[in-house]
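What follows is a set of notes on a single structure, which appears directly below.
The values are calculated or read from the model by the stated rules, or taken from the named source; none is laboratory data. Note that the structure is predicted; figures quoted are calculated from it, not measured. A quick note on method: Cβ atoms are made from the backbone with ideal geometry, for glycine too, and the neighbour counts reach across all protein chains shown. Accessible surface areas use protein heavy atoms only, side chains included; no ligands, DNA or RNA. Shrake-Rupley method; radii C 1.70, N 1.55, O 1.52, S 1.80 Å.
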Amino acid sequence: RQLFTRVRPRALHVALAADSSELRGDAAVNYRMLEVCGCPVDREILPPMHLATIVIDALLGTGLTGAARGPAAEWIRAVNRDFPLAKIVAVDIPSGMPSDEASAEGETVRADFTVTFTAPKAGLVLPPNCDRTGRLVVAAIGSPESFYADAVMSLAEPRDFARLLAPRAPAGHKGTYGHVLAIAGSTGKTGAAAMAGLAALRAGAGLVTVASEAGALGAIAAHAPELMTTAIETGMLEDKDVLAIGPGLDGTPDAVALVRRLFAEASQPVVIDAGGLNALAGSDFSGSGHVRILTPHPGEMARLLGRKVKDRVADARGFAVEHGVTLVLKGQRSLVAFPDGGVWVNPTGTPAMGTGGSGDILTGLVAGLMAQHLSDVPAAVIAAVYLHGLAGELAARKLGEQCVMATDLLTWLPEAMDACRPDAF
């Protein structure tokens, strides 16, 4: 009793952005219940409200078409402007934001938290609007799973791949966890090859061999004694489980011919990045029924398409389906598009990763996780992209956004994995 008498009740202010006579259905019923409870309702934001510590944004629903206009836009501006002390919590979606597409059109509430229902909306998780969503929480409201089980777009989360990070069998050894061959590096670009190889090892691959031009092998080996090296030769694919092609690879005619041949003919899963993507650009290629993963940044994607990227989701999905490949389109909220048309949005990552070598690390992570989980390649790709971004976030938290280097991602990868293991949630 003493505890409750010492706590001052907090005030609740409700501002109604419409005339109460216009309310119909559930809105009218709930408004009447609010009146019966004795809660005051105002038609404007009055001075005491400016001291609010929490603002609940429920101005508009998911049916908005185009930019918010008129009084609705004025209310949105007021929510963003008039509450300097408050955390803003959006109901279902920040008011003014389109639910089904990425768009920066018009005024949008800038939320600190968004509590959406049943499943994330595309507008909440794609840039640029994801920057106005704040922390996203998905609440269950009893919607049947059949309503969204076949969704063509999903938001990646640790539950999608945590099984890959379960404890290893006691009898496991280096031969158990796959052998990655990285065809990468050239004179002056040996670091890219070494980073890809080290990332595959850090991801858990049992063995990694880097194949490169003879003059580069010594420098690659000097980066890490754990890496095996070999010259590019006919028998280099023997006993390898996954190929990673492209980091630091020059665009010589021989290299281009090699990439195209291996892409078309190799029986192993192939991850292609950097110089490998440039070698494929302009060619008539497809997955040829084998597992092929391409990891372009927007510039490389434009070269593969023969034009600029117009719609990230549509272009990634269309390319993956047309060519029978898995496509990782890198950037803010990287996309993983599969040959069946499914697209996964990756929520991790930071501008701190905008530094040379980050892509080489991702190539190695994809290859290393696939080598261990050849029967679950989609989950391995999603895991690699998610862990790559999370390691970047952890590094930036410790070092600052300007100070992160690509190899720092390997330092924080173990912590990222620990956060995503089955026993972590």
Next item on the list: Starting from residues that are out of contact with any helix residue (DSSP H, G or I) (no Cβ under 7 Å at 6 or more places or on another chain) and under 12 Å from TYR177 (Cβ atoms), keep the ones in segment 205-214 and report whichever is most open to solvent (accessible area, probe 1.4 Å).
Entry: LEU207
Check: Within the set of pairs 6+ apart or on separate chains, which have a first residue in segment 111-134 that is open to solvent by 50 Å² or more (accessible area, probe 1.4 Å), a second that is among the aromatic types (Phe, Trp, Tyr), and C-beta atoms under 7 Å apart?
Finding: none
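Pick out the one residue from VAL137, VAL152 that is in contact (Cβ under 8 Å) with a residue 60 or more places away in the chain, among the β-branched types (Val, Ile, Thr), farther than 22 Å from GLU415 by Cβ and open to solvent by 50 Å² or more (accessible area, probe 1.4 Å).
After applying the criteria, what remains is VAL152.
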Checklist line | From VAL377, VAL366, VAL404, residue being over 30 Å from GLN268 (Cβ atoms) and at pLDDT 95 or above | finding: VAL404
Checklist line | Single match in ARG202, ARG159, ARG168, ARG163 (criterion: surrounded by 15 or more Cβ atoms within 10 Å (Cβ to Cβ) and basic (Lys, Arg)) | finding: ARG202
Check: How many of the residues in segment 121-156 are basic (Lys, Arg) and not in a helix (DSSP H, G or I)?
Finding: 2
Checklist line | Residue in segment 305-321 that is most open to solvent (accessible area, probe 1.4 Å), counting only those that are of a type in the set (A, V, I, L, M, F, W, C) and closer than 24 Å to PRO351 by Cβ | finding: VAL309
Item checked: VAL180 of a type outside the set (Ser, Thr, Tyr) and either assigned to a loop (DSSP other than H, G, I, E, B) or at pLDDT below 95 (or both) -> no
Item checked: Options GLY276, GLY218, GLY289, GLY282: the member that is exposed (fewer than 12 other Cβ atoms within 10 Å of the Cβ) and either part of a helix (DSSP H, G or I) or at pLDDT 95 or above (or both) -> GLY218
Notebook entry, point to check: Out of ALA391, ALA406, which single residue is open to solvent by less than 10 Å² (accessible area, probe 1.4 Å), under 24 Å from LEU335 (Cβ atoms) and assigned to a loop (DSSP other than H, G, I, E, B)?
Noted result: ALA406
Check: Which residues, taken from segment 233-267, are part of a loop (DSSP other than H, G, I, E, B) and either touching a helix residue (DSSP H, G or I) at 6+ places or on another chain (Cβ under 7 Å) or in contact (Cβ under 8 Å) with a residue 60 or more places away in the chain (or both)?
Finding: ASP239, LYS240, ASP241, GLY246, PRO247, GLY248, LEU249, ASP250, GLY251, ALA266
Notebook entry, point to check: Restricting the search to segment 75-97, which residues are within 12 Å of THR133 (Cα to Cα), surrounded by 19 or more Cβ atoms within 10 Å (Cβ to Cβ) and of a type outside the set (D, E, K, R)?
Noted result: ILE88, VAL89, ALA90, ILE93, PRO94, SER95, GLY96, MET97
Check: Residue check: is VAL41 aliphatic (A, V, I, L, M), closer than 20 Å to TRP75 by Cβ, at pLDDT 85 or above and more than 40 Å from the chain's Cα centre (by Cα)?
Finding: yes
Checklist line | Residue count for segment 241-258, restricted to those that are in contact with a strand residue (DSSP E or B) (Cβ under 6 Å, 6 or more places away or on another chain) and surrounded by 21 or more Cβ atoms within 10 Å (Cβ to Cβ) | finding: 5
Checklist line | Residue that is nearest to VAL366 (Cα to Cα) [pool: residues in segment 223-232 that are free of Cβ contacts under 8 Å to residues at least 24 places away in the same chain and open to solvent by less than 60 Å² (accessible area, probe 1.4 Å)] | finding: THR229
Note to self: Of everything in segment 292-304, what is part of a helix (DSSP H, G or I) and open to solvent by less than 60 Å² (accessible area, probe 1.4 Å)? Give them in sequence order.
What the structure shows: GLY299, GLU300, MET301, ALA302, LEU304
